[in-house]
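Heads up, the thing below is written out as C-alpha cells.
The values are calculated or read from the model by the stated rules, or taken from the named source; none is laboratory data. Small disclaimer: the values here were computed from a predicted structure and weren't measured. Neighbour counts are summed over all protein chains in view; Cβ atoms, including those assigned to glycine, are modelled from backbone coordinates with ideal geometry. Calculation scope for accessible area: heavy atoms of the full protein, side chains included, ligands and nucleic acids excluded. Shrake-Rupley method; radii C 1.70, N 1.55, O 1.52, S 1.80 Å.
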Amino acid sequence: MAGTTNHSSSIRSEPRDLYAYEPLPTPTSIRLLKVDGKDQDGAVHVRLKIIDLKDAPWYHAVSYTWGNPHTELPHVQETHAAYSRAYPPEHRESIVANGKTLHVSRSAYDILVSVPKEAWAKRCNQRSPGNHLRASIHSACMTNKKEFVEELISAGVDLDVQDAYGRTPLSYAARLGKLDFVELLLAAGADLSIADENENRPLDYARESGVEDVIKCLEEAEKRNEADDRSSISWPEGPQMWCWIDQICIDQSNLDERASQVSIMDQIYECASYTLIWLGLDDPYTEVAVETIRKLYSAQGDLIRDNEIAPYTNQPQEIYAAANIPYVSLEEWTALATLFLRPYLRRLWVIQENILSYTCLGYCGRFEVPWRAFCTVAQQVYFRQLMLGRVTSTEFIDIHSPVVAIESEIVHLTQWKDRLQKGDQASMPKALSLENLLFETWTFRATDPRDKIFGLYGLLLKAGPMPWKPDYSKSAAQVYADATREVMGNAGDLRMLSAVLDRSLHNNIPDLPSWVPDYSVPFCNMMCANYQAAGTLPQQTMATQPSGSWNVLSVSGVKIDTVLQTGNATSGPKQMAMFFDARWFELALLLPHPYHNGQTRTEVLWRTLCADQKRSDGSFPAPAAYGDLFRRMLCQLACVKAAETARAAETDPNIVVLEAALLHIREVLSNPPISTLSLQDVQRTFGDPDTNLSSPDLQTLTHLLYKLHFLGVVEEEEHRWTPTIDEIEKAYHSCNWQTWEENSALPGNGIEFHEALRSKHGRRRLFVTGKRHLGLGPASMVDGDEVWVIPGAGAAFILRPVNQEKEEEGTSFRLVGEAYVHGIMNGEAVEQHNMDLSRICLI
C-alpha cells in the first residue's frame with residue numbers, strides 16, 4: 001500500500017482544514033482509500049472516494065488491530081514497551097486526505113506506509129507446489145474466470161509465468177480454445193513465443209485444439225509486433241490500489257454510520273478481491289517464525305500423530321528425525337509462540353474478517369506471512385497438544401489468562417471458515433448460532449465491549465435474518481443482556497447462567513446484571529451445566545420483562561441449602577493451593593461419614609474438586625482411578641510441605657519438622673483421651689466447626705498430619721483416598737524433596753487428573769452447607785449465601801438475597817455463580833424432599 005508519488009506541489013505552510021466526512025448515500029455505500037505517496041515534508045497523501053458495493057468495485061479490505069501490535073511476552077517486552085511509549089493509545093498521526101488533514105492511529109498509519117503495492121502481485125505470482133507450480137493466473141484461465149484474469153492483469157502479475165511443465169497462461173488458453181482469454185492475454189502483452197518443456201508454443205496448442213478462431217488470432221499476432229501496441233492500452237486500477245480500512249473509511253464519530261457499516265461488514269469483506277492481514281510491525285523474532293512456519297508446512301511427516309514431539313520444548317533432534325519432521329529448536333518454538341500471541345489474533349473482528357474473506361494476504365512488517373501455511377501449522381501444533389493430553393505452551397501463557405493452547409484462536413477461526421464454506425461436510429461441523437459463536441470466540445478481545453456481540457453479526461446473517469442490528473446507542477450491559485436472553489430463548493433453557501463469571505475476577509462493566517455473562521472477559525469456565533440439579537422439576541417459561549427492565553430475569557427455582565463455611569480460593573494455575581490445601585481437610589471433617597450417598601468423605605472430596613467429571617470428555621462420574629491419583633498427589637505434596645517446614649526450621653528452631661511431628665502424633669494417638677475414643681467419637685469431635693482444627697493457630701505441619709489422619713482413620717482401607725502418616729513418612733525418606741517454589745512438578749502419570757482438578761478448582765473455593773453437603777463454588781461466595789437449583793439451568797447456583805423496599809414478583813437475588821454440590825447434581829435433593837418451586841428475580 002505504500003505509495004511513491006511525490007506531492008511537492010502540495011506543500012504549504014498554512015495549516016490545512018480538517019477532513020469532513022460526506023454522508024454515505026445508500027445502505028450499501030462505502031468509502032475506499034488510495035495511497036498516493038508522501039510529499040517532500042513526509043506527509044502521507046491519500047484519496048477517499050465513495051462507491052457502492054452493488055457496482056462490484058475492485059478493492060481490498062484490511063484486517064488489523066488498532067492498538068499496540070506486539071505481544072507482552074518477556075523476551076519482547078522492550079519492543080512492546082517502546083511502541084507504547086512512542087505511540088500511546090491517544091497518539092494520532094496526521095495524513096492528508098483529499099487535501100485536508102485527517103488524524104489516524106499509528107497502527108493504521110503503519111499499514112499505509114509499510115505494505116508494498118506490489119505485495120498482491122507478488123502473492124499472485126507464487127506458484128503452488130500442490131498444483132503443478134501453477135500461479136493464480138494459470139488457474140483463472142483454466143477455470144474460465146475472465147473477470148479474475150482482468151483483475152490479475154490490472155494488478156500487474158507476471159503474464160508469462162510458467163508452471164512445472166513450462167506452460168504459460170496463454171498456452172492453456174490456446175490449448176482450451178478460449179478465444180476471449182487469448183485476446184485478453186495478448187492485449188495485456190503476453191509473450192506468445194515462449195515454449196514449454198516439449199518445445200510447444202501457444203500457437204502449437206491452438207492448432208492441436210483445432211479452434212480456428214484461436215489459431216487465426218495467434219497467427220495474426222505473430223505477424224505483427226504486438227509489443228508496439230502495449231503502451232497504448234490502458235488497464236483499470238487493480239484491487240491493490242484501493243482499500244477499505246474501517247478506522248479511516250468509517251466516520252467513527254457518527255454512531256449511526258458505525259452501526260450501519262457494521263451491519264454490512266460481511267458484504268465488505270466478501271466483495272473484496274482479497275484481505276490484507278496486517279499483524280503489525282515485525283520484531284526480532286518474526287523472520288525466524290515465518291521460516292519455521294514454512295518449514296513445518298512443507299514437512300513430510302505427521303506432526304499430530306505417531307511421534308514424541310512436544311511443541312515448545314527443547315528436545316533432541318533424533319525425535320524429529322524419527323517423525324520425518326524438520327527439527328525445530330527451542331528458539332524457533334519461541335519465535336513461533338511470539339507470532340501466535342500477537343494481539344491481532346485475539347481481536348474479535350478478525351473472526352469475521354478472516355472467515356468471510358476468500359483470499360488472505362498476511363504481512364508482519366517487512367515479512368509476508370503465508371496465511372494458509374500459518375493456519376495449517378497452528379492447527380497441527382494445537383491438535384498435537386490434544387494428542388498429548390496437555391498444553392505444552394504454558395510458559396508463554398500469562399498467569400491471569402486461561403490455560404488454553406496459544407493457537408486456539410487461530411484454530412477456531414479456521415474451523416468456522418471451513419464450516420461456513422462446507423456446511424455439514426466440514427471436518428468438524430457445528431451450527432452457526434449466536435451461542436456457538438459466543439463460546440468459541442470468548443477468548444477474543446474487542447476495544448469496545450459491545451463489539452463482542454456486534455462483531456458476530458455479519459457471520460450470523462449467513463444463517464438467516466437476525467431479529468436485531470448493531471445499535472451503539474445501547475450500553476454494553478444491555479447489549480450483553482439482550483444477547484443472553486436470545487441465547488436462552490433459542491436454546492429453550494437457562495444453561496447460559498453457568499457462564500456467569502465470579503465478579504471477584506472482573507469488573508469491566510459495573511452495571512452488568514448478575515445473571516449476564518461478561519463476554520468482555522477473555523475466558524469462560526463453565527463447570528457443570530451438563531448436570532440436572534433440578535431433576536425433573538418443570539422449567540417455567542421466562543417471563544417477559546416490562547419495558548425498561550432489561551436487567552431483570554424472572555425464573556423459578558428451589559432453595560436447597562445455606563452455605564455454612566467456605567474454603568480458600570486459588571489465584572493462579574501454578575499455586576500449590578490448587579492441588580493441596582489444609583483447608584480441604586478441615587471442611588471434609590465437617591461431613592458425615594458415610595456421606596449422604598454412602599461414599600467416604602475423602603472420595604467426596606476428590607470428586608468435588610473435579611466436579612466429578614472426566615477431563616477428556618466431561619462425562620460423569622469421574623473414573624475411580626482419579627482417587628488413586630489423588631491419594632498419590634496428597635502424599636507427594638505432604639512431603640513437599642515437610643520439606644518446606646524443614647527449610648524454615650533452619651532459621652527458626654521453634655518450627656517442628658516431620659520427624660518430631662510424627663513422634664508427637666504417635667504418642668498422642670496411643671494415649672488417652674484420643675486412644676479411648678471410638679471412631680464415632682472421632683468423627684463427632686472433629687466434625688464440629690469449633691473443633692475441626694481450623695483455627696489460625698492450628699496450621700502447622702503437625703496439625704496438617706492430624707487432619708489427614710482423622711479424616712482417613714474412620715474409612716475402610718479399600719475406600720481410603722488419603723495417605724496415612726506412615727505412607728508419608730516412608731515417601732519423605734525415599735528421596736530428597738524440594739520446596740514447591742523449587743520444583744512444582746506433580747506425578748507424571750496423573751496429568752489427566754491434575755488438569756481435571758485445575759480446570760474446575762481454579763479460581764473457585766470449596767464450601768460446606770448447613771446440611772453438610774460439600775460443594776465447589778465461586779471465589780466471591782461467603783458464609784450465609786444460599787444454594788438454589790433452577791429448572792433448565794443444569795447446575796446448582798449460589799444466590800445472595802438483595803434487600804429491596806418494594807418486592808413485586810418474589811424475592812430478588814444476585815447470582816454469585818454456578819456451583820457443584822456433591823450428591824445433589826442429578827436432582828436428588830428436590831426429589832427426596834418434594835420441594836416446591838418459587839418465583840424469584842435475578843438482578
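Near CYS271, once Lys and Arg are set to +1 and Asp and Glu to -1 for all other residues with Cβ below 11 Å from its Cβ, the sum equals -3.
So, R0 is 25 Å and r is the distance between the beta-carbons of ASP418 and LEU386; what FRET efficiency does that work out to, to 0.05?
Numbers: r = 17 Å, r/R0 = 0.69.
Here the calculated transfer efficiency is 0.90.
All Cα-Cα separations within region 119-225 were binned at 5 Å from zero, giving a P(r) of 2, 14, 26, 26, 20, 9, 3, 0, each value a whole percent of the pairs. Taking Cα atoms only, the orientation of helix 212-223 departs from the longest principal axis of the chain by about 70 degrees. Each Lys and Arg contributes +1 and each Asp and Glu -1, all at the Cβ; summed about the Cα centre of region 370-524, the dipole is approximately 400 debye.
Estimated at the nearest 10 Å², the accessible area of TYR732 is 40 Å² with a 1.4 Å probe.
When the convex hull of the Cα atoms of region 327-455 is projected onto a plane and the area is averaged over all directions, what value comes out in nm²? If you can, show how the numbers build up before the last one.
Working: hull surface 36.5 nm².
Projected area, direction-averaged: 9.1 nm².
Within 10 Å, Cβ to Cβ, of VAL787, how many net charges do the neighbouring residues add up to if Lys/Arg are +1 and Asp/Glu are -1? Before the final figure, lay out each step's value.
On the way: positive: LYS559, LYS771; negative: ASP561, ASP785, GLU786.
Neighbourhood net charge equals -1.
Reducing region 274-353 and region 92-124 to their Cα centroids gives an inter-centroid distance of 28 Å. For VAL46, nonlocal amide neighbours, meaning residues 5 or more places apart or on other chains whose placed amide H falls under 5 Å from its own, are ASP36, VAL96, ALA97, ASN98, GLY99.
For region 602-758, the convex hull drawn through the C-alpha positions has a volume of 137 cubic angstrom per residue. Estimated from helical segments only, the mean residue ellipticity of the chain at 222 nm is -10500 deg cm²/dmol, where each DSSP H run of four or more residues counts as -39500 (n - 2.57).
Listed here are the pairs LYS422/LYS462; LYS417/LYS614; LYS117/LYS462; LYS559/LYS771; LYS178/LYS417; which of them are more than 22 Å apart at the Cα?
Values: LYS422/LYS462 13 Å; LYS417/LYS614 30 Å; LYS117/LYS462 32 Å; LYS559/LYS771 12 Å; LYS178/LYS417 33 Å.
Long pairs (Cα-Cα over 22 Å): LYS417/LYS614; LYS117/LYS462; LYS178/LYS417.
Across region 614-622, computed HN-Hα scalar couplings (Karplus, 6.51 cos²θ - 1.76 cosθ + 1.60, θ = phi - 60°) run 6, 5, 5, 9, x, 6, 9, x, 5 Hz from first to last residue, x flagging Gly and Pro.
With N denoting the number of residues in region 433-474, provide Rg(C-alpha) divided by 2.2 N^0.38 Å, to two decimal places.
Compared with the compact-globule rule of thumb, region 433-474 sits at 1.14.
Expressed in units of 2.2 N^0.38 Å, where N is the residue count, the Cα radius of gyration of region 236-369 is 1.36. Phi-derived couplings, Karplus 6.51 cos²θ - 1.76 cosθ + 1.60 at θ = phi - 60°, listed residue by residue for region 293-302: 4, 4, 5, 5, 5, 8, 5, 7, x, 9 Hz, with x used for Gly and Pro.
How large, in Å, is the chain by the Kirkwood hydrodynamic radius built from its alpha-carbon pairs? Don't skip to the answer; put the middle values down first.
On the way: mean 1/r = 0.0320 Å⁻¹.
Here the Kirkwood hydrodynamic radius works out to 31.3 Å.
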